[in-house]
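Student: Supplied in structure tokens, the structure appears directly below.
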Amino acid sequence: MKLFKRYKAIVYLPNLYGVFQYLLLESSEKNDTLFFIHSKFPAKVSSRMKNTVYVCNAPVKKHLFSLLKIHYYALIYRNIPVFLGGDLVYSDLFLSRFKNIFYMEDGVGSYVLVNNGAKQVFHKRKSALRRFVSGDIHPKMGLADNVRKIYLTGILPLPAIIAGKVEIINLKQLWQKKTPVQQQEIKRLFIPPDFDCRRMNEYEVLLLTQPFSEQSDGHFSEEEKIEVYRKLLKGIDKSKVIIKPHPVETTDYRHYFPNIFVLDICCPFELLLFLGFNVKNAISVSSTAIFNLDNSIGKTISGHDVTPALAAETKRRGIYTIKLKTLL
């Protein structure tokens, strides 16, 4: 990252999926984009990215330095496009200091959780100092007034409250419009050079896991998470299964499922699909990636009531649920 370089866009997104969407949409070169990287973003990928600014809210010294960096770039780039997603630590500050905000799809939550955001209103902090340092409190999920557009892929019905801001995008079509050189650049960012994509096609069943234990603050154990996936894989020949862990997971699935191939590269699942990965059936609790599979693949979406422990954790966190259904 060059301190005095002139950038044409700023990106502050929660995950690989958001960054992948941006790279498919971008009209300018990646060298003209400044990426703000948070502490949970996979380091394997961020280390291969150019023009990055690391932000972190702990300890206090790093938090204050992160605030200072955001304020610095807001002074210079107040009017350029800023791409946000989800609800990150510094989202309110970006929404307060920049004028032209664009929201990227953040999984199923962009369709389900937006209704919770509808209950929120713009709120000025009581302290003038806190308003300046951290920004005011804005509605989430693209509902803030200065969000110009929300990019969605249409994996679920469109919430009426954001319909006027939404532009539906087709990731596969965007990928196909990229030149071979651009496709190769994106591939190099997410896929290690020594990984053989052809190996994935040796398997028939795909399990997409999620970071239930990592995001529970100690309330939901790794063993409880493994029990969820044991139930979902019950009766299935494990030698025919491939597991795609979520990028923020720390679980060693090889320890629990020694006969299963674990696809532990930090890569958006959608990119693997575009490179030719195909299976007969896919299983997930509620992973967004499963919705992007075409109709030739059987999809089982269990919902969060697979085990009593996961149902209780879901209720404790107040997150959305998806009822048991099988999509054919």
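Student: Just to confirm, what accessible area per residue do you get for the chain at 1.4 Å probe, in whole Å²?
Tutor: Value returned for the chain: 50 Å² of accessible area per residue.
Student: Can you compute the charge dipole magnitude of the stretch 160-317 about its Cα centre, using +1 on each Lys and Arg Cβ and -1 on each Asp and Glu Cβ, nothing else charged? Give it in debye, rounded to the nearest 20. Walk me through the numbers before you get to the answer.
Tutor: Working: 21 positive and 20 negative charges, 101 e Å.
Result for the stretch 160-317 is approximately 480 debye, rounded to the nearest 20.
Student: With a 10 Å cut-off between alpha carbons and a GNM built on the chain, which of S287, S47, S221 moves the most?
Tutor: Fluctuation is largest for S47.
Student: Need one number: % antiparallel among DSSP beta bridges in the chain, to the nearest 5.
Tutor: 10
Student: Mind checking which of C267, L189, F36 is farthest towards the positive end of the chain's charge dipole, using Cβ charges of +1 (Lys, Arg) and -1 (Asp, Glu) about the Cα centre?
Tutor: Positive-most Cα among the choices belongs to F36.
Student: If one computes the Cα centroid of the stretch 123-162 and of the stretch 204-236, what distance in Å separates the two points?
Tutor: So the two Cα centres are separated by 32 Å.
Student: Related question: Among the lysines, which fall within straight-line cross-link reach of K124, defined as a Cα-Cα distance under 19 Å, with same-chain neighbours fewer than 8 residues apart omitted?
Tutor: Output for K124: K99, K140.
Student: Taking +1 at the Cβ of each Lys and Arg and -1 at the Cβ of each Asp and Glu, which of P159, N292, G318 sits farthest along the dipole of the chain towards its positive end, judged by Cα position relative to the Cα centre?
Tutor: Checking the options against the dipole of the chain, the answer is P159.
Student: When N counts the residues of the stretch 179-221, how does its alpha-carbon radius of gyration compare numerically with 2.2 N^0.38 Å, as a ratio? It would help to have the intermediate numbers written out before the result.
Tutor: On the way: Rg = 16.4 Å, N = 43, 2.2 N^0.38 = 9.2 Å.
Working it through for the stretch 179-221, the quotient is 1.79.
Student: Another question about this same structure. Please give the residues of the stretch 39-71, grouped as numeric ranges, whose backbone N is less than 17 Å from a label point set 7 Å along the Cα-to-Cβ vector of D32.
Tutor: 50-51
Student: Sticking with this structure for a sec: Given Y12, G86, H63, which one lies farthest toward the positive end of the charge dipole of the stretch 1-139, if we put +1 on the Cβ of every Lys and Arg and -1 on the Cβ of every Asp and Glu?
Tutor: About the Cα centre, the residue reaching furthest to the positive side is H63.
Student: Roughly how many nanometres apart are two label points built 7 Å out from the Cα toward the Cβ at K8 and I76?
Tutor: Modelled inter-label distance: 1.7 nm.
Student: On to the next question. Here are some values of Rg and Dmax of the Cα atoms in Å: [x] 20.1, 61; [y] 28.8, 88; [z] 19.2, 58. Which one was computed from this structure?
Tutor: After the calculation, the listed value that fits is [x].
Student: Per Stokes-Einstein, at 10 °C and 1.306 mPa s, what whole-number D in µm² s⁻¹ belongs to the stretch 235-278, with the Kirkwood radius over Cα pairs as the hydrodynamic radius?
Tutor: On the way: Rh = 11.5 Å.
For these conditions, the coefficient is 138 µm²/s.
Student: Along each of the three principal axes of the Cα atoms of the stretch 208-328, give the extent in whole Å, ordering the values from largest to smallest.
Tutor: Over the stretch 208-328, Cα extents along the principal axes are 38, 30, 28 Å.
Student: Hey, can you list the DSSP H helices of the chain whose Cα span along the axis is 18 Å or longer and whose average Kyte-Doolittle score is at least -1.0?
Tutor: 60-77
Student: Can you give the helix-only mean residue ellipticity at 222 nm for the chain, where every DSSP H stretch with n ≥ 4 adds -39500 (n - 2.57) and the sum goes over all residues, rounded to the nearest 500 deg cm²/dmol?
Tutor: -8500 deg cm²/dmol
Student: For Y54, enumerate residues with amide H under 5 Å from its amide H, sequence gap 5+ or separate chain, H modeled in the peptide plane.
Tutor: I37
Student: Now, a different point. Using amide H atoms built in the peptide plane, which far-off residues or other-chain residues are under 5 Å from L206 H to H?
Tutor: I242, N281, A282, I283
Student: Pop out the carbon and sulfur fraction of the accessible area of the chain as a percent, whole number, probe 1.4 Å.
Tutor: Carbon and sulfur together cover 53 percent of it.
Student: Also, quick follow-up: Treat every Asp and Glu Cβ in the chain as -1 and every Lys and Arg Cβ as +1, leave all other atoms uncharged, and give the resulting dipole magnitude about the Cα centre to the nearest 20 debye.
Tutor: Result for the chain is approximately 1140 debye, rounded to the nearest 20.
Student: Using amide H atoms built in the peptide plane, which far-off residues or other-chain residues are under 5 Å from A9 H to H?
Tutor: When sequence neighbours closer than 5 places are left aside, the close amide H contacts are L34.
Student: Ordering R125, R130 by accessible area with a probe of 1.4 Å, largest first, what comes out? Working shown, then result.
Tutor: Details: R125 40, R130 140 Å².
The residues order as R130, R125, largest area first.
Student: Let me ask something else about it. For the stretch 234-248, just list the computed ³J(HN,Hα) in residue order, Karplus coefficients 6.51, -1.76 and 1.60, θ = phi - 60°, integers in Hz, with x standing in for Gly and Pro.
Tutor: Values, residue by residue: 4, x, 9, 5, 5, 5, 9, 9, 10, 9, 10, x, 5, x, 8 Hz.
Student: Going from most exposed to least, what order do H219, H246 have by accessible area with a 1.4 Å probe?
Tutor: H219, H246
Student: Here's a follow-up. Read phi for every residue in the stretch 80-97 and hand back ³J(HN,Hα) as whole Hz from Karplus 6.51 cos²θ - 1.76 cosθ + 1.60, θ = phi - 60°, with x for Gly and Pro.
Tutor: 7, x, 10, 9, 10, x, x, 9, 8, 4, 9, 4, 4, 5, 4, 5, 7, 9
The values are calculated or read from the model by the stated rules, or taken from the named source; none is laboratory data. The structure displayed is predicted, hence computed values, not measured ones. Heads up, the Cβs are rebuilt from the backbone with ideal geometry, glycines too, and the neighbour counts pull from every protein chain shown. Heads up: the accessible areas ignore ligands, DNA and RNA and are worked out on the full protein's heavy atoms, side chains in. Shrake-Rupley method; radii C 1.70, N 1.55, O 1.52, S 1.80 Å.
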